[in-house]
Amino acid sequence: MGKYEGFAWLILFLPTVIYYIRRLTHEDTFLERYRPISTYMEVYGGDPSLETLNTLVHLKQESSGSDGNGKLPDRFPFEKSDGGIRIPLVHPAEVVLQGFVSVSGPTWVHDEELGRGYLLFSDGGANRIWRWEVGGGPITIGRTLHMEKSGCRSNATLCSQPTTSSSLQPPPTIGSSGMSVAKVGPEPHLLVVCEQGEKRIVRIETDGARTPLVTHDNDGNRLHAPKSLAFTPFGDFVFTDPLPQDVVVGIENGDGGGVWKVHEAVHVPPIPASQSRAAHFQKANATLELLYSKLRYPSGVALSHDYNFVYVSDADPENLVIVKIPLEEEEEEDSREEEDSHEEDSHEEERECINDDSSTCTPPPPPKGLMDTTTSILFDATSLSASGRAGVMGGLAIDEHGNIWAAGPGGVLIVSPTGDLLGCVPTGMEVVTDVAFGADGYLYLTTHTKLLRMKVQVKGVVVPNLVTKKNNKKI
């Protein structure tokens, strides 16, 4: 080796050094200054309260100088845009990861042992759940595979690849979609997953078994493809089950996709890991309540900050709305009075039919969906879509003040509890599919192929645990 003997180590490690230098310049890896994808907030029409918006996101401010008596309040610089104004963000929305097939279901998980959290998200087209996290130091741990075959394992007809798609809908998927950590009940740390390929919702046990929580509706039909779910403080959860995209039916009579409530789901006993695969073809013993069935593609679902309602979005391009559905349980006395009232109304309808000369007179059918008469449209985004903004209504997240952060036409929409559009974080032609708050101060967004995030000044609503562990009853 002679005079080059001292450089042998460099020859051995040079490929490794080159590899990490290349990674440092790659947009999806550690020590990365993430690529911004949206640098401003859009506010449409009216006289927006920028001070209110600034409590939600970080808006840029400029000094207004002095009037001789002291410094004037800072002002928000803006420029006019179509139908509104644009205000620069201090922390833009940025790309974290990319290269996926069909991303949705971002869910923040807190790890008690590590003392920090991480994000899980589904790639339904690849049939996987991924994990993304930042370590305790300055270096990002990054992306790791959390679960393979996350929504399809039986390799039977239940997991057949859908053959239809729409440019306005998320790509067809056989993997998982929405998921949530059961933060209430006896086991407040287990992951509950919507398996679109298997057409069911399962709970992932500590030993890896998948306990079926919901498989069929009340008519005995297998679920279409459950999309999203949200837990209540009492151990129930609400989920959406949109119609298949190739099914065309009228929804006026309640024949649309279902918004269902599963009662006391946290108390379903776990199955042994040895029975997990056989359970693909078993019917879950769930107590279901149909809340609403007049949306064609019910998509995102989120619990209101006062726990009395759920908000549900519709991904139907012709009906891009968020509806507000009550969840309050009535007292037994009120229920009895209501039953008596319904019985009297039924007798009255029968008497009217008897007095009717028509031989075909029949009493009108009851509404299909308990909340059909009380559900209201909170927000309609149809006009945003009509103005050329890409995307449909998708996932929802609620902040601590009750505002709804929604994946919608044009990007992320921020809607007040009264239904006012406060602003939009535009993402251009990147169609946002879902949103979720992380405990690290970020709002996470998914598009079909990317994971994004943006720094915010609010936290997500916290669902309390109001389920007793001793007697398995609601407090």
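Annotation: amide H of LEU320 within the under-5 Å range of ALA381, THR382, sequence separation 5 or more or interchain, hydrogens built in the peptide plane. Highest average first, the peptides 385-395, 235-245 ordered by how many other beta carbon atoms sit within 10 Å of their residues are 235-245, 385-395.
Placing pseudo-labels 7 Å out from each Cα toward the beta carbon at ALA273 and ALA386 gives an inter-label distance of 5.6 nm. Pairs with C-alpha atoms separated by more than 27 Å, drawn from the list LYS199/LYS455; LYS149/LYS183; LYS60/LYS227; LYS199/LYS261, are LYS199/LYS455; LYS60/LYS227. Counted by Cβ distance under 10 Å from SER104, the other residues give a net charge of -1, where Lys and Arg count +1 and Asp and Glu count -1. Counting 0.36 nm for each residue step from GLU187 to LYS459 and taking away their Cα separation leaves a gain of 95.5 nm. Between GLN98 and ASP246, the contour length at 0.36 nm per residue exceeds the Cα-Cα span by 50.4 nm.
Taking the average, over residues, of other Cβ atoms within 10 Å as the packing measure, peptides 433-442, 84-93 rank 433-442, 84-93 from highest down. Keeping all protein chains in the complex and leaving out DNA, RNA and ligands, what accessible area do you get for TYR444 with a 1.4 Å probe, in Å² to the nearest 10? TYR444 has an accessible surface of roughly 0 Å² with all protein chains in place. Taking the 1.4 Å solvent-accessible surface of segment 200-330 as the whole, the part contributed by carbon and sulfur is 46%. Between PHE309 and SER304, LEU327, the built amide H atoms are under 5 Å apart, and every one of these is 5 or more places off in sequence or on another chain.
Of the whole protein surface, GLU264 contributes about 80 Å² of accessible area at a 1.4 Å probe radius.
Extension gain for the segment HIS401 to GLN282, taken as residue separation times 0.36 nm less the Cα-Cα distance, is 38.7 nm to one decimal. Amide H contacts for HIS91 (H built 1.01 Å from N in the peptide plane; partners 5 or more residues away or on another chain; cut-off under 5 Å): HIS58.
Taking a Cβ cut-off of under 13 Å around SER276, the surrounding Lys, Arg, Asp and Glu residues balance to a net charge of +2, with basic ones at +1 and acidic ones at -1. Taking other residues whose beta carbon is less than 13 angstrom from the beta carbon of ALA315, and scoring Lys, Arg as +1 and Asp, Glu as -1, yields -3.
The values are calculated or read from the model by the stated rules, or taken from the named source; none is laboratory data. Nothing here was measured: the structure is a model prediction, and the numbers come from that model. Positions of Cβ are generated from backbone atoms using ideal geometry, with glycine treated the same way; all protein chains shown enter the neighbour counts. Heavy atoms of the whole protein, side chains included, go into the accessibility calculation; ligands, DNA and RNA do not. Shrake-Rupley method; radii C 1.70, N 1.55, O 1.52, S 1.80 Å.
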